Structure formats: structure tokens, C-alpha cells
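Asker: Please read through the structure below; I'll follow up with questions.
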There are 2 protein chains.
Amino acid sequence: MTTAGEKDAAVVSPAAGYKVIGTQPARFDGAEKVTGRATFGADVRLPSTLQAKMLRSPHAHARIKSIDTSRAEALPGVMAVVTAKDMWSLHEAPGAVDAELKFFGDNFLASDKVLFCGHPIAAVAATDQFIAEEAVKLIEVEYEELPTVLDVFEAMQDSSPLLHDNLYTSSLGKPSEKPSNISLHIQHLKGDPDKGLAEADVIIEREFRTAMVHQGYVEAHFATAHWSPEGNLTIWSNHQGHFILRDAMAKLLQLPVSKIQVIPTEVGGGFGGKAAQSQYVQPVAALLARKAGRPVRLGMSRKETFEATGPDKGSYIRLKVGATRDGKLTAVVAKAIAEVGAFPGGSVSLASTIFSAYEVPNGQVDYYEVVVNKPKSGGYRGPGSTPATFATENVVDEICEQVGIEPLEFRLRNVAQVGTVSLAGRVYQRIGFKEVMEAAHAHEHYRAPLGGPNRGRGLAVGYWHNHGGASSCNLSVNGDGSVSLVSGSVDLSGTRLTVAMQVAEALGIDLNDVRCDVADTSAVGYTYLSGGSRTAFATGLAAIKAAEEALHRMKLRAALIWQVSPDTVTYANGVFATSAGPSSGSTKRLTFKEVAAQLATTGGPISVSSSVLPQGSGVTLAAHIVDVEVDPETGKVRVLRYTAIQDVGKAVNPSLVEGQMQGGASLGVGRALWEGYQFDEKGRLLNTSFLDNKMPTAYDLPKIDTVLVEVPNPGHPYGVRGVGEVTMTPSPAALALAIHRATGVRLRELPMTPARILQKIGVIL
Amino acid sequence: MTTAGEKDAAVVSPAAGYKVIGTQPARFDGAEKVTGRATFGADVRLPSTLQAKMLRSPHAHARIKSIDTSRAEALPGVMAVVTAKDMWSLHEAPGAVDAELKFFGDNFLASDKVLFCGHPIAAVAATDQFIAEEAVKLIEVEYEELPTVLDVFEAMQDSSPLLHDNLYTSSLGKPSEKPSNISLHIQHLKGDPDKGLAEADVIIEREFRTAMVHQGYVEAHFATAHWSPEGNLTIWSNHQGHFILRDAMAKLLQLPVSKIQVIPTEVGGGFGGKAAQSQYVQPVAALLARKAGRPVRLGMSRKETFEATGPDKGSYIRLKVGATRDGKLTAVVAKAIAEVGAFPGGSVSLASTIFSAYEVPNGQVDYYEVVVNKPKSGGYRGPGSTPATFATENVVDEICEQVGIEPLEFRLRNVAQVGTVSLAGRVYQRIGFKEVMEAAHAHEHYRAPLGGPNRGRGLAVGYWHNHGGASSCNLSVNGDGSVSLVSGSVDLSGTRLTVAMQVAEALGIDLNDVRCDVADTSAVGYTYLSGGSRTAFATGLAAIKAAEEALHRMKLRAALIWQVSPDTVTYANGVFATSAGPSSGSTKRLTFKEVAAQLATTGGPISVSSSVLPQGSGVTLAAHIVDVEVDPETGKVRVLRYTAIQDVGKAVNPSLVEGQMQGGASLGVGRALWEGYQFDEKGRLLNTSFLDNKMPTAYDLPKIDTVLVEVPNPGHPYGVRGVGEVTMTPSPAALALAIHRATGVRLRELPMTPARILQKIGVIL
């Protein structure tokens, strides 16, 4: 890793002078995790816990005519069997549940229809896992099979079978008159696209497709649920947001929020797949535990995880882009269709990330979401941005070719800057897009010799806007001057450490004196999920706010001890000082620890709770440079060299940022070359294991070099910017361009498997 | 139960109008506990946990010449053996540890001497309990036996063997020149005692003795300790104060406080015996876990609990009391000696509770603490107050007899009132002493016929000052208007409920919408232990403070929604209202729940952390009336009828207060009649089981009637006063006086066993 600021004066780096920020101590959770001691979702074992299993649909589309659970219930050892009825009967009017909530619930426990292969229908809790599995087979379901809808274009036809008879298109804010498989149509419009195209010297129009793809987190979903005799529900789960989970459970189970406590475990990978509406096991475990009167643990196998959690949406994107001969973009017209799976909902960022790295004067983006008989889609690291970037950067490259301008030069001529308004209407504040492009341009990799035949180099830039959202912390100053801190943020990526580092910096104390833990939903204020690249930023802000309040109160205590006005007390480098008071002239000093030691006699404990609701953790850009070699006989792509360059704001802990960048690029390579859902004509997922749905391992990748460009985020006192998601977005685009340089062919569909490459280069398979 | 306020206009009862305070919902923890689902200290089971056992001294006083642990360490399955060296070697200068800390540590792991039978010397952690027990037998200790000191008077002689060669008497604030077994001498002086005695018409001088007595909590001490690879220590334990425990561990193990997290379990009875310095298993479990690199669970048997935890001090009290013929006390001169066991320290309240229910113009109390070769004493429900009351009330009764004034009439003539200064210098604020005595006087029991021979009725009043101390809470308003609350107070007596009730009252919302949990040391601000009758009072204050702050912020949100000045917004009965704004004239209303639903769009979460440091939870008095029948042949005392009358301030939940009163009276009966440590001449405890150290059961007691006198505490907005400890203090005195009325003899030593009664009434045993 190099920090661009060191070698390129054009790259902005924040003022020096930090003591903790920018250092690279080890993660608080590192040793626990690598030694196998950390408690993940599957590791929770309460006494008397029952084990559970779900019954899943073999059909992708069918009406449930009847469910007979009597034989399963009669099996010795079975303690509870539940179906959707057990949930909706908790509602005052089971037949009139809010449509959104009903769709949400039906996804993990089907009511009247099954809508994808693997759709859960019932669940069993038994004294052991084997009995539960046996009992599931005894549940008798009578189905009426229905025609399967697997293709978005087919689904959009009026003649298509409908998945839901109560789903209406929300089209530009208005509901459609008739039910439809199109759940959403939104449009972004800027300037005059027709005029823009008319002004263009070159127009490129292309179509792109990306397959549904799974996040591939190593740990499946697990939940253990326990009801107290008083009706309080406790859930342990490996979710990315325990408050989100709690509030969803309250709605589903019709409980006051205060009656639910969610205790987050460690999370063995999430990448968005355990975020937001990713409740697959938790409500079912709770229903089973309620019925059985004992704790219930429910998990998923790998096959179940692939079949019935939330992969990233499949996509179709058609781009029509105009540019002038001198290399200025004039217009972008886009139509994007997202394959959202069996139920509507989720991120619409695909629509807002098309050409968002660029200043485009005119544009129109029409974005459609379409339901099909596949698993309901979920979030995945900068959701929508990777397909949008794949399409955008491929077209940009073709324009460069047409107008004969060097690709980075073209990008720099069109780069979005402070004040740029994106096609989706976002006005950029201080961003580092230009700095990232310049760092890429300056990088030795960009012009190094390729060193062999069948090789090519690709460069692409990817955008992500990052999220904000509510975060809360509690901070206590201990009597020995150490600080105990908890936050409401699940720690996916070392944020216990990076939040503690911000507190140590804000308080001017040693990091070794700050502990940061993740608190359950009862102990700390509401905190949005760990996702959207928000945690180090937003929870950091909450922690800094708490630290500043604690420091203010410490100053009051010092003033009390000295019997001077608080205004006269200064604090720097861990020392309070004043020159006021009886013996004025001489400066009195007390260290942070010395004031802490006197808390008990100067008014009692200092404990602070803070909450923040910031509006975004800083728009950012990544540039990936990748070299590949394509075997012309097999179509196999070997990744030879990889450099990831990214505006990371101020890196709290550069080593953790580097890890994010390397991890994101790895996911991007997998998505580019191998990963993607494959269904048969009946809607059965064909690749339900890591053997069939190949993800990159260390053997498949070179060392990924990183360049951290530090352009501080003005929305954070230390300039922290979200860094997690943009790490992946340019990767498939960069690989497509590298393959183009190596082979001369342009691939416009993900994954770019050997078969597709061979087909393109004319080898008949 | 009756509430005195209902029938006696003289008894102050707070203004009506509470919605939640004063109601009697069931405890939040009740069903969990009675169904066996609650997690107590022994119930914590982490994966790979080792089981541990301590080696204990067979001698009451001996020098440790050597400890050889090699054979134990060699036993297969043994993972760690520790001695005191393992602890002190963590200190920078093991030989120069602060004396107080050294005494503290030596109590649970002897360094160079053993000072009581059962004194721990080493501990073993092994893969199972049986191996640990086997290994303990393999540890070889070479002792040099020393003369045993068991009697305080002997111990106070210059010629007595010394327990500690570095213990100096702290006499009236100054250290003695020579080491001594007398660790402390304090004196309270008021007015002119000689003059007071000279003014007396009657002077009574008597001596009283009480034996060391165990609290008899059902659950022994347990701790499970776990170190993370990063060196963070987590401890689960059934301690009465997890912050106290954490801070003690930090000092003993030389860790920053922030590196220790203590997670409190439920506590199966404490009564002070699991408070303050009651660390017997936690540091040892931590040392073993540190050495073994695995979690370690260490518990105690009943025998170990009796032998080596902290019983209440034994006491000797000599009182010389003067009064006039017309029934006014003129002077009290007291000498009290507390038998503190092997190490100095603990509560000195015995000194401050002598005659503290009365207005005494002149007095002197000299209080000594003396170490002897018995277990180090601990706290026990109003520590010192029960022996002090036993002495006080016996003498008061003799004075009544001498001056011929009806006992309650005499007490009312001398009762302490607002502005009274106690012998210990405490100035009383609003107290309900007179009201309690009047309620006793008015009670039907006080004059009911006894109904048989060998029967007698005793009445005594007992005082307790109750404690304050730091408490902290975190409170979050959830999106559905329910409230999640945690406090740092271990719940011994239903305080999760009584704190939640105060929050519901303060917020004007339904109790069903408030959850209160106990948070671990990381998640909430410093909170002093649950003891000193402080929790419902002090933690209630912290919770009310948090609720008021939350309500204030909710009001700001309502104002923001309406776009009006916050000053115009009122709140009552769960509804915010304003008449200001554009359409002024019409009143706008939003319920608490409606404003809560808009938190996310009006600035984000509301979460509040509060800490308080109140200075006392209200001085209080209890009067017990008890009827007994004494079998003249066996000396057996049967308790026929019992009425407990108490100033409870405002009872948050009268049913829980009644439970406290009944429980305290029961403990008092046991202490009065049966319980007390018996040692042989070598200092070996003879009664180490519940068979030999009899405690009352439901079979031994009549139903205990209660009268709640509600004199609000001015230091709390709802008038809450500590109620837990004073429940026991008058009980032995009342029984002694009842026995006197039944038999004609006065007993001045606890316990008043059948043998002692028979001896007094002249039956030769």
C-alpha cells in the first residue's frame, strides 16, 4: 500500500498532527476470530435449545392448496411446527395486513403461493437436528403448479402470468390500474437528452446484462430465539443490523419494540446480504420458540443460502451515449431493468449510479423493477453500482476509441467535480474523483509493459455515494481514566477499533485506554445497520460527539477542583490546565486520568449517550487497473496484476482500509469472471454450492496493490469517508476492458465465463 | 398488608394522582425465576470452560513455609494452578503493594500466613470438577502453626499474638505506634455525657453480645472468567455490584478498567454478603483463566461459603444510659467492639446506629474494630444496626420499667424528629419515626390478648439511614413509542420493575411500554452496588432524570413538527399539545407514540444517558411487634404473631415492599433465635451447613403482617425511601423483649438459643 499523498502533490491529504488516526493497530476482534473463539451466529447454545429445519418448495411457482403438518407433529421429539398462519394470526386483522409487510413476511414463510424454488412453507423445531429434518419430510403439501416466469422481458408482457395479484406498478410515483409484474418505474431527468444527443459527434448504443449473483458470505444465516415467561423475546443472530431486525420483528410479531432484545453475534461475512430485509430465520425461530416454549435455533445450509436468501438483482441496461469529437459527453439515455426476484423492494441505486462519476449535461434514466420466480434480491456492496459501472465504463471506453482520446484523459475531461449535479440530481460536495484519476494516471502500473501475448490491461472507475443514517454510542469515563464505549453498530470490518481510535483522538488519550464493544438493542440508542459504508463514518461521528461531551464535563470537573471558571480551563495533549484561581500566575495542571480519579467526589460518574443522523458518508470513487492474460484455446482469464486506487477520505486505519479494498476487488473479480445464478427452465437453481458457484480464492488472484487517496470528507471532523462498497464497483468493468485489450472482443454480460469469451472470439463450443 | 395512611390521619401519605407508582404489577423477573429459567451465577457455561477448586487452610493461624504445586500440576487434566504469587507478580512492585489492597487480596488467596480455617491458599483449574478436587489434594503446604486468637478481648491485649505485623490502629484518625490487633477506634461525641448522666434519675448499664452470623443466601458465590486473546477480561458473576467488582479486579490484576467487562447474572440472595469487598472467587477464576488460556468457572460449596465468605461482625456493646423520672433520655455512653475477622475493614455503622432513633442530648460512642482468626466479616442488611438496636431497645425497655412509663409512650417522648442530631452527628430531614410509633401504638396487635400462658409480646423500633451513591441509566425512545431502559443496578429485589415504574410515571406512558434491563459494565455508566437500600431510590432517580431529558427532547421534536416554539408545547397524560402556530386558536395534539414515530425524520434517535450521585435514600424506622410462646421445659421459642410497621417513603410497588418487610423480619427471627457462628478452640467453624446453622423456613414462622407508613422522602420526586435493610433491625430486640415478657428473664446475647434461655431461667442443662 502506498498513500498517494506522499508522492503526488496534487492529491489532497489532511493536515498532519493526528496521534491515533492514521495509525495501524491490530483489530480488537482479530485474535478472537482467527483463533476460533469469537461467537458467531451458529455458536449460540442456550440450555434446552431446540434445533429447527424449514420445509421448502420444490416448485418455482405454485399455489399451496393445503398443508398437513399432523404427521410431523406426531413424530416423537417434535416440539413445534409453524406455518405462515402462526405469524399472521398474531395480527388483529390477518387478512388486512399492510401489503409491504405481507410481502416481507411471505418471503420467509409462504402463505398461499410459493414463488421460487426453495421458498419456505413450514418449519419444525425438535429436540435434535435429525428429528427436525425427518419431520420436515412428513409435512404434506398439496400444490397447484403455475407457469414459471423467469425472464424480465417476458414478465413485463401483459400476457405474462402474474406473480402477485395485488402488486401494482408504482410508476413515477403513481400506482398502475392493473396488477403487474413491474413493481416500480422511476425516472431521472437532467437537461434535454434529445438536444444533447443532437449535439453529439459520436453516439454509442449498447446493451448489458448481469446475472443474479450471491454475496457468498462464508457464514450462513443463524438465529436463536428465546421467550421469557413474561413474553419478552430475545434473539441472537448474525444480522448486519440488530435494531433493524428488532423493529422488523416487532411489526411481524405485533410486539412493542421494547419487548424485543436483539443480541448481535459476530457476522461471518455480510456484504449487504445480512442487511435490511434479510430476515430469513429470525422470525421463524421466534415463532417456533413461542409455540414450543423453549429456545429454538434455526440455521441454513449452503444450498438453502443460495436458493432462498437475497442475491444481488440481475440487470439489463441499455445505454445510448453521445459525445463530441473533442471528448465531452453530451447526453446519456438509459433504460435499466432490475430482476428483483419474487417480491418487490430493495435498493434503487442502479438508477442513480449510471454515469455518476461524470459531468453529463443531459440525461434520462428510466429504471424498472420486475418480479420473477427467483429468490427475492437483497443488497450487495454498493448495490446496483457494479452493473451500472460495468455498462458505463464499457461505453466510455468505446467512445474513447471512437474519438481517439486516451481513456484517462477522456475521463478527466468529463470528471464530476464539486458542484456537479449527477443525472440522479445529487449535488457533489468535496470529492476526490479527479485526484483518483490523476493518481491512476500517475501510477507505474498504468504504463508498465504487459510482458507477453494474449494480455491486456483495463482501467475503469467506479462510483459510490455511501450512506449516512442514525448511529448511537454510550461512553463512560472510568475512575482510572480509561474509557468504556459501546455502540449500536455490528462490527463487520473492525469498526470496534476504528470507532475507538476516533474516540482516543478526540479525547487525546491513549488508544490502549479505550475499549469499544457492540451493545445489544436494549443498552444503546437506535443505530442503523452496518452497511452502506457508513459505520466508521456515522458511528465514529456519534462517538466523537460523545467524547466531546465527556471532555466538556471533565473540564467542568477540573474547574470545580480548582474552583475556577470553566472558561479558564484548557485541554491539550491529555492535560487540563488553568492559570486562573487564587494563586493566579502559576499554571495548575491535571491529567485526564487525575480528573477521572476525582469523578466520585466531584459530582459522580460521567456517562454520555449520543446519537447522530448524518446525511451521507461522502461520495467516493475508485479506479481499478488490471492486467489479464486470456488463454485463446480455453477462454480462461488469468489475473496478472491488480491495482486499486480509491478516495478513502482520511483513512482512520490504513491497514483496515487496504483490507477493504483488497476484499472488494476480489469479490469484483469473482463477479466478473465466474459467479452468477444459473436456473433451469423450471426455475431450479443449478449452482447451489461453492463448487458450482465459484468464488475467487487466494490461488486465483495476484496480490492486490492499493493506493489510498486521502481527500477529506467535509462532513466529518477527521475527514472520514465511507470506504467499503466502492471497492468492488469498477472491477468487472476493468476486467472487461482488459479482456477486450487481450482479445479484441467486448463482453457485455456478466459473468464473463470462458464459454462466453470463446463464443465472442469465434471459437465454437 | 395495610397502608397506614388509609386509617390514620397523622400518617403522611403523598398526594394521590400517580398512575403507575403505588400499583402492584408482577416483577419482570418473577416468572423466569420461579420457572428456573433465569441465569444465576452457577448457570454460565461457555464452551471449553474449565472447572476449578480451591485449596483451603485447615489451620486458623499459621505461617505458610512452602507450597509445592508440582504434583497437582502433573495430574492429567489439570490446566492451571495458581497461588497468591500469580496475582502479586502482576504488580510492578509485588513487595510494595498498598496495604489495603494487600489485605483485600490476601483474604481470598493467602500470601505468607493463613488467618482463618478455610483460608484459600491455592486454586486448580481442570477439565472437570473431579480432577480439580483431586488435584487440590496433591498440593503440599508446609505450615508453622501459630497461636489462635479467637476472642476480641484477648486480641486487644498487648500480650496477644498479632495477626498482622503491619496492622496499626487507626485511632481517632491517627495510626498507632505499634502494630495491633485493634484496627480502628472511632468516637462519636455529642453534648456533655457526664453532665447528662448526672442529670439522670435512672441509669442503666448493660453488656450485650452478638455472634458472627452468616447472611445465608441460598446461592453460593460463582464466577466464570474469560480472557480474549487481546487481553480483555470478561467475568460473569453473581455479585451485588458489577462495577465495584470490575474496579476491584482492575486494581488486583493491574489492568485498565476499560479492559474488564463484568456481566452480572441473577443473584440468588445477597443481603450484603455479595457486596463491596466480597470478592472470593472472581479474581481467582481470572488468574486461573489467564494461566490456562481457557475460560474458568469457580464456585463455592455451602461449607466453603460459611467458612470463608463474609459473615456479619460479632459484637460486644456496653451501654450506660440515663433518663429522668418523667421519661426523658439524658445521656448515652457506649463502648462497642466489633469482631471483624481476619482482616480489617467494612462498615462502621454499628457506631452510628446506637440510639439513633432517639433524641439524646448527650452521648459518647467509642467503637473499636478488632481482628481475630475468623473469616473476614462482610455486610449484612443494615450492617451493625441490628446489634446496635438489640442493645438500645433492651436498655430502653429496662428504663421504661424503672420509670414506669408505657414503652411506646416513652419512645414517643424521646423520638427523633426533623432537625434531631443523632449521636453520630447526622441531622434528620423529614422522617417518619413518630408516625411509625403512632401506627404501632394504634395497631390492634399491640393490645390484643395473648391467649395463653408462657406467652409474651415484644415491641422494638429499629433505625437505618439507607445509602445513596452513584447510579446510571440509558434510556431510548423506540419508534413505536415504547421505551428501552437499562441500568447499572443488579436486580436483587425486583428493581427492574420498580425503576421501570418510575420511568412510566415520569413519561406518562403505560408500564407495558417500558422495559428495564440490567446492563453490563461496558454499556452503562458507573453504578454503585445494589445494597444500602439504595437501588429503587438512586437508580430510580437516574431513570427519572433520563426520562425527563427524553421528554424534553420529545417536546422539541413536537415543536419542530408543528413549527412552533418549544415553549408553547405542553405535555400531559401522554399527549403533546400546542395552541400556537399558523392555525392558532385550534389546539394541535400528538401522542407520545405519534411523536416517537417521527423521530427518524425529525433529527434521529432519542437516547439519553443519565448519572446521579444522591446523598442518601432517606433515614427510616421500623417497629416490630411480636408474640412468642416459650416452652419452659425445652426453652424453645415459638413465634405466634408478627407485625412489621415501617416508614417506606412512597412505596413504588407496595407488594414488593411488603416482601422486603417479610423477608427482613424472617432473617431477624433466625438471627434472634438460632443463627450464629460457633467455633471450637482451634478456630474451626462447627456449624457449616444449614442443618447446623438453622435459618427459619415458612414452617417456623407465622404470616408476617405489614403496615406501610408512607412518609415521602423529600430527596426523591415521588418520595421513594430505601426499604430493604431496616426490615430486619428491630427483630431480635423485639423477640428478646417478648421472651422477657413470657419468661421474666432478659437475654443479652444473640442468638437466644433454647440453651441460653434455659440457663437464664435457671434450668440446669
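The values are calculated or read from the model by the stated rules, or taken from the named source; none is laboratory data. Here the structure is a predicted model, which is why all the values come from computation and not from measurement. Because the Cβ atoms are built from the backbone with ideal geometry, glycine has one as well, and the counts that use them run over all protein chains shown. Protein only, heavy atoms only, side chains kept; ligands, DNA and RNA dropped before computing areas. Shrake-Rupley method; radii C 1.70, N 1.55, O 1.52, S 1.80 Å.
Asker: Which residue out of B:Ala135, B:Ala198, B:Ala223 is open to solvent by 80 Å² or more (accessible area, probe 1.4 Å) and among the small types (Gly, Ala, Ser)?
Answerer: Numbers: B:Ala135 fails: open to solvent by 80 Å² or more (accessible area, probe 1.4 Å); B:Ala223 fails: open to solvent by 80 Å² or more (accessible area, probe 1.4 Å).
So the residue among B:Ala135, B:Ala198, B:Ala223 that is open to solvent by 80 Å² or more (accessible area, probe 1.4 Å) and among the small types (Gly, Ala, Ser) is B:Ala198.
Asker: Tell me, please, whether a residue that is open to solvent by less than 20 Å² (accessible area, probe 1.4 Å), small (Gly, Ala, Ser) and closer than 30 Å to B:Tyr528 by Cβ can be found in the range B:596-603.
Answerer: No, because not a single residue in the range B:596-603 is open to solvent by less than 20 Å² (accessible area, probe 1.4 Å), small (Gly, Ala, Ser) and closer than 30 Å to B:Tyr528 by Cβ.
Asker: Could I ask something else about it? Mind checking which residues of the range A:446-464 are within 29 Å of the chain's Cα centre (by Cα) and either open to solvent by less than 10 Å² (accessible area, probe 1.4 Å) or without any contact (Cβ under 8 Å) to a residue 60 or more places away in the chain (or both)?
Answerer: Once the filter is applied, which keeps residues that are within 29 Å of the chain's Cα centre (by Cα) and either open to solvent by less than 10 Å² (accessible area, probe 1.4 Å) or without any contact (Cβ under 8 Å) to a residue 60 or more places away in the chain (or both), the range A:446-464 yields A:Gly458, A:Ala460, A:Val461, A:Gly462, A:Tyr463, A:Trp464.
Asker: Any residue in the range A:218-228 that is without any contact (Cβ under 8 Å) to a residue 24 or more places away in the chain and either at negative phi or within 14 Å of chain B (Cβ to nearest Cβ) (or both)?
Answerer: yes
Asker: Checking the structure you have, find out if any residue of the range A:530-550 is surrounded by fewer than 24 Cβ atoms within 10 Å (Cβ to Cβ), more than 16 Å from B:Ser609 (Cβ to Cβ) and of a type in the set (Lys, Arg).
Answerer: no
Asker: Say whether the condition of being closer than 30 Å to B:Leu475 by Cβ, away from every other protein chain (no Cβ under 14 Å) and buried (at least 24 other Cβ atoms within 10 Å of the Cβ) is met by at least one residue in the range B:619-629.
Answerer: yes
Asker: Do we have A:Gly191 as more than 26 Å from the chain's Cα centre (by Cα), small (Gly, Ala, Ser), modelled with pLDDT of 95 or more and surrounded by 22 or more Cβ atoms within 10 Å (Cβ to Cβ) here?
Answerer: Working: more than 26 Å from the chain's Cα centre (by Cα): yes; small (Gly, Ala, Ser): yes; modelled with pLDDT of 95 or more: yes; surrounded by 22 or more Cβ atoms within 10 Å (Cβ to Cβ): no.
No; evaluated as a whole, the condition is false for this residue.
Asker: Of all residues in the range B:297-321, which are assigned to a strand (DSSP E or B) and more than 30 Å from B:Asp192 (Cα to Cα)?
Answerer: Of the residues in the range B:297-321, the ones assigned to a strand (DSSP E or B) are B:297-299, B:312, B:314-321.
Once the filter is applied, which keeps residues that are assigned to a strand (DSSP E or B) and more than 30 Å from B:Asp192 (Cα to Cα), the range B:297-321 yields B:Arg297, B:Leu298, B:Gly299, B:Asp312.
Asker: Here's a follow-up. Which one of the conditions (1) under 24 Å from B:Phe28 (Cβ atoms); (2) in a helix (DSSP H, G or I) does B:Ala665 fail to meet, given that it meets all the rest?
Answerer: For B:Ala665, the failing item is (1).
Asker: Of all residues in the range A:734-748, which are open to solvent by 10 Å² or more (accessible area, probe 1.4 Å), in contact (Cβ under 8 Å) with a residue 60 or more places away in the chain and aliphatic (A, V, I, L, M)?
Answerer: A:Ala742
Asker: Which one of B:Val461, B:Val503 is in a strand (DSSP E or B), more than 10 Å from chain A (Cβ to nearest Cβ) and either aliphatic (A, V, I, L, M) or touching a Gly at 6+ places or on another chain (Cβ under 7 Å) (or both)? Give the steps one after another, and end with the answer.
Answerer: On the way: B:Val503 fails: in a strand (DSSP E or B).
Testing whether each residue is in a strand (DSSP E or B), more than 10 Å from chain A (Cβ to nearest Cβ) and either aliphatic (A, V, I, L, M) or touching a Gly at 6+ places or on another chain (Cβ under 7 Å) (or both) leaves just B:Val461.
Asker: So, one more: Which residues, taken from the range A:514-529, are at the interface with another protein chain (Cβ under 8 Å from one of its Cβ atoms), open to solvent by 10 Å² or more (accessible area, probe 1.4 Å), part of a strand (DSSP E or B) and of a type outside the set (Asp, Glu)?
Answerer: A:Arg515
Asker: Which number in (1) within 14 Å of chain A (Cβ to nearest Cβ); (2) closer than 28 Å to B:Thr620 by Cα marks the one condition that B:Asn466 misses?
Answerer: The one condition B:Asn466 does not meet is (1).
Asker: How many of the residues making up the range B:273-287 are modelled with pLDDT of 95 or more, within 12 Å of the chain's Cα centre (by Cα) and not charged (D, E, K, R)?
Answerer: 1
Asker: OK, next. Which members of the range A:334-365 meet the condition of being assigned to a strand (DSSP E or B) and either basic (Lys, Arg) or over 19 Å from A:Val403 (Cα atoms) (or both)? Don't jump to the end; show me each part of the working.
Answerer: Going residue by residue through the range A:334-365, those that are assigned to a strand (DSSP E or B) are A:334-341, A:358, A:363-365.
Result: A:Ala334, A:Lys335, A:Ala336, A:Ile337, A:Ala338, A:Glu339, A:Val340, A:Gly341, A:Gly363, A:Gln364, A:Val365.
Asker: Right, next: May I ask you to list the residues in the range A:530-564 that are away from every other protein chain (no Cβ under 14 Å), of a type in the set (S, T, N, Q) and closer than 25 Å to A:Ala275 by Cα?
Answerer: Correct list: A:Ser530, A:Ser533, A:Thr535.
Asker: Could you tell me which of the residues A:Ser484, A:Ser476, A:Ser489 is in contact with a helix residue (DSSP H, G or I) (Cβ under 9 Å, 6 or more places away or on another chain), within 22 Å of B:Leu475 (Cα to Cα), in a loop (DSSP other than H, G, I, E, B) and of a type outside the set (Val, Ile, Thr)?
Answerer: The conditions single out A:Ser489.
Asker: Is there a residue in the range A:388-400 that is in a loop (DSSP other than H, G, I, E, B) and either open to solvent by 10 Å² or more (accessible area, probe 1.4 Å) or in contact (Cβ under 8 Å) with a residue 12 or more places away in the chain (or both)?
Answerer: no
Asker: A further question on this structure: Considering every residue within the range A:141-156, establish whether at least one is touching a residue at least 12 places away in the same chain (Cβ under 8 Å), away from chain B (no Cβ under 14 Å) and either in contact with an Asp or Glu (Cβ under 7 Å, 6 or more places away or on another chain) or closer than 30 Å to A:Val421 by Cβ (or both).
Answerer: Yes, some residue in the range A:141-156 is touching a residue at least 12 places away in the same chain (Cβ under 8 Å), away from chain B (no Cβ under 14 Å) and either in contact with an Asp or Glu (Cβ under 7 Å, 6 or more places away or on another chain) or closer than 30 Å to A:Val421 by Cβ (or both).
Asker: So, in the range B:243-258, exactly how many residues are buried (at least 24 other Cβ atoms within 10 Å of the Cβ) and within 21 Å of A:Leu497 (Cβ to Cβ)?
Answerer: 2
Asker: Ok, one more. Restricting the range B:593-616 to residues that are farther than 18 Å from B:Cys473 by Cβ and either among the aliphatic types (A, V, I, L, M) or assigned to a strand (DSSP E or B) (or both), which is farthest from the other protein chains (Cβ to nearest Cβ)?
Answerer: Out of the qualifying residues, it is B:Val595.
Asker: Read through the list (1) facing chain B (nearest Cβ under 9 Å); (2) open to solvent by 10 Å² or more (accessible area, probe 1.4 Å); (3) over 28 Å from A:Ser352 (Cβ atoms); (4) not aliphatic (A, V, I, L, M), then give the number of the only condition that A:Gly508 fails.
Answerer: The one condition A:Gly508 does not meet is (1).
Asker: On to the next question. Looking at B:Pro283, is it touching a residue at least 60 places away in the same chain (Cβ under 8 Å), more than 11 Å from every other protein chain (Cβ to nearest Cβ) and either open to solvent by 30 Å² or more (accessible area, probe 1.4 Å) or closer than 17 Å to B:Ala123 by Cα (or both)? Can you show your working first?
Answerer: Working: touching a residue at least 60 places away in the same chain (Cβ under 8 Å): yes; more than 11 Å from every other protein chain (Cβ to nearest Cβ): yes; either open to solvent by 30 Å² or more (accessible area, probe 1.4 Å) or closer than 17 Å to B:Ala123 by Cα (or both): yes.
Considered against the rule, which asks whether it is touching a residue at least 60 places away in the same chain (Cβ under 8 Å), more than 11 Å from every other protein chain (Cβ to nearest Cβ) and either open to solvent by 30 Å² or more (accessible area, probe 1.4 Å) or closer than 17 Å to B:Ala123 by Cα (or both), B:Pro283 comes out as yes.
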